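The values are calculated or read from the model by the stated rules, or taken from the named source; none is laboratory data. Just so it is clear, the structure is predicted and the values come from calculations on it, not from any experiment. All Cβ positions, glycine included, derive from the backbone under ideal geometry; neighbour counts span all protein chains shown. Note: accessible area is taken over every heavy atom of the protein model, side chains too, but ligands, DNA and RNA are not part of it. Shrake-Rupley method; radii C 1.70, N 1.55, O 1.52, S 1.80 Å.
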Amino acid sequence: MADSKRLLTKLTLIPFEMVINAIPFFHREKVIWELSKEQRMLLQDEWKRIKRRNGEVKINLHSNSKELVQKIRADTKRFNKNNVTRTAAYLTFYNKHPEITWSFLAHMVSRNAGYFMSDLKGEFLPHILEETFLIKLYDMLEKGNSMIFEDAYPQLLLYEESKKRGISLFHLSSNFKISPFIEGVWEVYIRREDQSFLLPVAQIINEQSHIEKSLVQTEEYKELLNSFTYRLQEWLRLSQILFPTWPLKHSIGRNMNHFKDLDERISLGQNLYATLFQPQFVKKIHSFANTFPHTGSRCDYDDDSFTAFNTSLEKFPKEKLSFFKVKNNTKIYSPFLLDVWKYSFNGPYLGSNWFEDEEFVLEKMKLLNKPSPLTWMTYWSGLHKIESVFLFNRYYKLLKKNRNL
């Protein structure tokens, strides 16, 4: 009887996930905001000015500007130590400057990157995917997380100092290899006090374009993203981005697919932003972020279902999931990130010189939103899918071992 109930759980939830994930295909993507003609002209004028300035003879920095550049470099290096320090730095900045909404999106996405990195050493994945693949995938996630921070955090600190002094300091952008694209956007934002979606939309485009050339399109990671194993992890829904709220069944988020496609990543970022900053959710998610410091373990948001300590000594694998909860006296192992990954990426960093096609970015300067599946249901059905593959794999190995005895 127990076996039939377990089978019913899997046979119900896994197909159910496929139905739920199909729902968004029947909804059109809505454009919430797009670039106005005035903003377009302002940006083009700024980009021309920056291009002319960059072509001129460089003049040595004044002593106070030199000190600021050195301080920003030092602070960026200090907080770009690992995923945990980066994620905390984004939240600290947002708490001080809530008008820069992208920094909270960056915090929540970086949190999810940490959860995914920890999953690679957690309960299921080491028994499903090859160790070499898991290490390469961690390398890619860690490198991308670090590269984005190295590019974005100096922008945030330049803004903070500009706000303090009452004058734009983004003429110092080239000292941090910041793209002329986002420099121009910051100038428009500061001088016009443009409180529309211009800045966060541009930041999403900038950071995804930044890692496109230096990470995603490199031969090493192109091979990884085209591999069968990577497609398997996409099918398993391993890289879902979750924004926890209480009660947890009301959490929101998005599935991340087609990571190798720049357009898809930009569209995902825009949809994540629109999802996160819904008035009925954002304060609750912000409260969660401030209450529970990021560790990389999923017990940060659900310590009823997850544990950061691997205490399992069972010789034979046991099912732990029961519909939308774990079975009595069981928890899923989700380790603290820094306990299982001892190394991080700290450079070298290439310049953000991706900005070549002006028309491409002007076309992308809009905020999109599309209804997403019921996140908590797809999250748990995804866990059941992973556990099913895990159990099948473990039982197959045990059966094969017993036959060889």
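Quick notes on this one:
- When the charge dipole of the chain is built from unit charges on Cβ atoms (+1 for Lys and Arg, -1 for Asp and Glu) and taken about the Cα centre, the candidate among S297, A106, F170 whose Cα reaches farthest toward its positive end is S297.
- Hits among lysines - C-alpha to C-alpha of K48 under 21 Å, sequence gap 8 or more where chains match: K37, K58, K177, K364
- Helix 180-192 and the long axis of the chain differ in direction by around 70°, with both axes built from C-alpha atoms.
- Normalised contact order of region 254-405, rounded percent, pairs of Cα under 8 Å and 6 or more residues apart: 26 percent
- Spatially proximal lysines relative to K327 (Cα-Cα < 26 Å; intrachain offsets below 8 disregarded): K5, K10, K121, K249, K315, K318, K385, K397
- In nm, spacing of pseudo-spin labels at L232 and S174 (7 Å Cα→C-beta vector): 5.0 nm
- The figure for Y343 is an accessible area of roughly 110 square angstrom, using a 1.4 Å probe on the protein chains alone.
- With kT/(6 pi eta Rh) evaluated at 4 °C and eta = 1.567 mPa s, and Rh the Kirkwood radius from Cα pairs, region 110-153 diffuses with a coefficient of 118 µm²/s according to Stokes-Einstein.
- Summary value for region 156-269: 16 percent relative contact order, contacts being C-alpha pairs under 8 angstrom separated by 6+ residues.
- Considering only F355, Y221, H250, and ranking their Cα positions along the charge dipole of the chain that arises from unit charges at the beta-carbon of Lys, Arg, Asp and Glu, the one farthest toward the positive end is H250.
- Surface composition of the chain: carbon and sulfur atoms hold 56% of the protein heavy-atom accessible area at a 1.4 Å probe.
- The chain, helix-only ellipticity at 222 nm - DSSP H runs n ≥ 4, -39,500 (n - 2.57), divided by all residues, nearest 500: -19000 deg cm²/dmol
- Region 339-405, accessible area per residue, ligands and nucleic acids excluded (1.4 Å, Å²): 59 Å²
- Whole-Å semi-axes of region 253-405's equivalent ellipsoid (Cα gyration tensor): 37, 22, 19
- The chain: most fluctuating residue of F306, F181, F292 per GNM, C-alpha cutoff 10 Å: F292
- Dipole magnitude for the chain: about 980 debye, using +1 per Lys or Arg Cβ and -1 per Asp or Glu Cβ, origin at the Cα centre.
- Proximal aspartates and glutamates to K51, defined as alpha-carbon separation beneath 17 angstrom and excluding residues fewer than eight positions away on the same chain: E183, E187, E356, D357, E358, E359
- Between the Cα long axis of helix 102-119 and the first principal axis of the chain there is an angle of about 30°, rounded to the nearest 10.
- Rolling a 1.4 Å probe across all protein chains gives T295 an accessible area of roughly 40 Å².
- Among (1) 21.3; (2) 25.1; (3) 22.7, the entry that matches Kirkwood radius over Cα pairs in Å as calculated here: (3)
- The modelled label-to-label distance between F392 and E34, using points 7 Å beyond Cα along the C-beta direction, is 4.4 nm.
- Helix 131-165 axis, angle to the chain major axis (alpha carbon atoms, nearest 10°): 30 degrees
- Relative contact order (%) - the chain, alpha-carbon pairs under 8 angstrom, separation at least six: 29 percent
- Cβ-based net charge around E264, under 14 Å, with every Lys or Arg adding one and every Asp or Glu removing one: 0
- Solvent exposure of region 174-274 as accessible area per residue, Å², 1.4 Å probe: 38 Å²
- Test item: Cα-centred dipole of region 54-147, Lys/Arg +1 and Asp/Glu -1 on Cβ, debye: 500 debye
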